Amino acid sequence: MSIEPHFVERKKNTALAFLDLPVSDHMMTSRTHAASRTLIAPPRAIFRAFLDPEVIPKWRVPAQMDARILSFEGRIGGGYRMELIYRYPAKADPKSTGDSDIVEARFVELVPDEKIVEELVFEGADPRFMGKMTLTTTLKAVANGTKVSFQAEQVPSGISEADHVAGMEFALKNLAFLLE
């Protein structure tokens, strides 16, 4: 099933308070992690890969995990709920269930073929993973394709920079395999 995304004109300073979470010291960080890669694909194809619920689980998943979309609404104010399932849960530290992490995302800004801003929250009780993380993806056409840049802000303290950057780089690699 493919869900056709709906776009709204870009608005400055768009805020989306979709969860009323308690504030803790773990959430008061301004940690930022980033990764980028140039893909041999046009911005339009890359943008569509972010908004196709059948395609997202094929590329937007860390190593040693599988994913499934539980719900999806591809529009500003919409979002998705995705389960990231550990292949070897005994060797991991799942945040949401005994063998998975569940992430709730909301689209804050969608600028076709240019930019996607999401607010992400992991489900679970561990305060190290609580809080809204903002993920901004920018697409910039370059001579040999499109530079895709991820910038994650307000990263919860329980997510190490090394693991997070490796996960973002792995997702970009998967996206390249899918589209190139």
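Below, the figures for the structure above:
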item: Filter result for the condition that a residue is touching a helix residue (DSSP H, G or I) at 6+ places or on another chain (Cβ under 6 Å) and among the aliphatic types (A, V, I, L, M), over I116, I102; result: I116
item: Search result, residues across the range 158-176 that are within 18 Å of G145 (Cβ to Cβ) and of a type in the set (G, A, S); result: A171, A176
item: Of all residues making up the range 119-145, the number that are touching a Gly at 6+ places or on another chain (Cβ under 7 Å) and more than 15 Å from R31 (Cβ to Cβ); result: 1
item: Exclusive hit being farther than 27 Å from F47 by Cβ and in contact (Cβ under 8 Å) with a residue 12 or more places away in the chain, set S160, S96; result: S96
item: First in the range 128-141 and over 19 Å from P156 (Cβ atoms), second anywhere and part of a helix (DSSP H, G or I), Cβ under 6 Å, 6 or more apart; result: L139/P43; L139/I46; A141/P43
item: Any chance P62 is part of a loop (DSSP other than H, G, I, E, B), under 24 Å from T138 (Cβ atoms) and touching a residue at least 60 places away in the same chain (Cβ under 8 Å); result: yes
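No value in this document is a laboratory result; all are computed from the given coordinates. It should be emphasised that the depicted structure is a prediction, and the values quoted were computed from it without experimental measurement. No Cβ is skipped: glycine too gets one built from the backbone with ideal geometry, and neighbour counts run over all protein chains shown.
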